[in-house]
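Step one of this worksheet: look at the structure below.
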Amino acid sequence: MVRETRLHPSQFVLPLFVRSGRKVRRPIAAMPGVCQLSLDELVIEAAGAFAAGVPAVLLFGIPDTKDDKASGAYAAKGIVQQAVRLLKKELPQLLVITDVCLCEYMSHGHCGIVHQGKTSAQILNDPSLKLLARAAASHAEAGADMVAPSDMMDGRVRAIRQELDNRGLEEIPIMSYASKFASAFYGPFREAAESAPKFGDRRGYQMDAANGAEALREVALDIQEGADIVMVKPALAYLDILHRVKTQFGYPTAAYAVSGEYSMIKAAAANGWIDERAVTLETLLALRRAGADVLITYSAVDAARWLKE
Ligand SMILES: [Zn+2]
């Protein structure tokens, strides 16, 4: 009766990785239980999650080809656009959220357009916004219920909001990766999404793990620009940020428990060092206690089943 915080599958979002092909389930070595899925397998996986009580998925695309304009990110027949159409047809009740970024589609693996100078390379913020807005709009036109820009370019929430509104998609909400830190916890994901940068790193546009006040400024900007849900990523090492964001803004807040967080629990459990179920649920509960309304987690299906038992 006096329990303050509750965990429920209705709070969960399951990230899924989609690629071309048929009957493909390509396991990601560093993330046991997580696979890159072809469209047919994606539907099976999403249906299983929905049946377990997980109401939403977050889609990441792995295109067959990459270029320096990220063409696959906004192609009408891009892999994510195809996946969205299929999921909304097969599972109309499932909330389909799409990750909006360019890195998976760029030959160099960065989240924006790169200007290659003689001695150094530079990310071009403003020209990248147009491509991000096009990508988001193409997802929404394919039927996505919500778009989630993860690039951390300045001004991208406003650019996406304007593009959606211009195309008559005013009702599509934006979940922004509002405070996304340059984190070593993303390691296993880069194998999953095949999005590791070919040179340099992402510290030019992601945040320094040392900066809490800056995170709040980034969140404030995204809210001003029209974000409907703000996200903190990673989750477990940033509980203070999560708490401050929720306390200061009172906005719908999401926490993304990233690949490294998942892999650590899986690895320790595989060695018999911790109880996977107990640690996973305790971790998710901690995110809720810190202030998260929405929990994005690779453990969504297991956790939903555990909570029902
Ligand atoms: Zn990216």
Out of Arg19, Arg167, Arg289, a Gaussian network model of the chain with alpha-carbon springs under 10 Å gives the largest mean-square fluctuation to Arg167
If you build a Gaussian network model of the chain, linking Cα atoms that sit under 10 Å apart, which residue out of Asp222, Asp275, Asp240 swings the most?
-> Asp275
Along the charge dipole of the chain, Cβ charges K/R +1 and D/E -1, which of Ile79, Pro127, Ala178 sits furthest on the positive end?
-> Ile79
Calculated Rg and Dmax of the range 78-120 using C-alpha coordinates, Å | 15.8, 51
Only Cα pairs under 8 Å and at least 6 apart count here; give the relative contact order of the range 11-119 as a rounded whole percent.
-> 27 percent
Under unit Cβ charges (Lys, Arg +1; Asp, Glu -1), what dipole magnitude, rounded to 20 debye, does the range 176-309 have relative to its Cα centre?
-> 40 debye
If the chain between Ala209 and Ala121 were fully extended at 0.36 nm per residue, the gain over the current Cα-Cα distance would be 29.4 nm
Taking every pair of alpha-carbon atoms in the chain, what share in percent sits in each 10 Å bin, from 0 to the bin with the longest distance?
-> 6, 28, 39, 22, 4, 0, 0
Picking from Val100, Gly226, Phe199, whose Cα lies most toward the positive end of the charge dipole for the chain (charges on Cβ: Lys, Arg +1; Asp, Glu -1)?
-> Phe199
For the chain, give the share of DSSP beta bridges that are antiparallel, in percent and rounded to the nearest 5; count only bridges with both residues there.
-> 15 percent
So which lysines pass the test for Lys130, namely a Cα distance under 27 Å, with those fewer than 8 places away in the same chain ruled out?
-> Lys66, Lys69, Lys77, Lys88, Lys118, Lys180, Lys198, Lys233
For n ≥ 4 DSSP H runs only, could you compute -39500 (n - 2.57) per run for the chain, divide by its residues and tell me the 222 nm figure to the nearest 500?
-> -12500 deg cm²/dmol
Ranked list, fewest to most other Cβ atoms within 10 Å of each Cβ, for Val258, Val24 | Val24, Val258
Near Lys266, which aspartates and glutamates are there with a Cα under 18 Å away, not counting those fewer than 8 places off in the same chain?
-> Glu191, Asp275, Glu276, Glu282, Asp302
Under-5 Å amide H pairs with Phe181, H placed in peptide plane, nonlocal only | Met207, Lys233
Proxy reagent accessibility, fewest Cβ within 10 Å first, across Cys111, Cys35, Cys103 | Cys35, Cys103, Cys111
Assigned charges on the beta-carbon of Lys, Arg, Asp, Glu; the range 108-252 dipole about Cα centre (debye) = 420 debye
Go through Ala304, Val294, Leu239 and say which Cα lies farthest out towards the positive end of the charge dipole of the chain; charges sit on Cβ, +1 for Lys and Arg, -1 for Asp and Glu.
-> Ala304
Take Lys198, Lys246 and order them by how many other Cβ atoms sit within 10 Å, fewest up front.
-> Lys198, Lys246
Net charge dipole size for the chain [Lys, Arg +1 and Asp, Glu -1 on Cβ; Debye, nearest 20] = 380 debye
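Read the figures in this text as sums done on the coordinates, not as results from a lab. On a predicted model such as this, the values are computed, not experimentally measured, just so you know. Glycine gets a Cβ as well: all are built from the backbone with ideal geometry, and neighbour counts include every protein chain shown.
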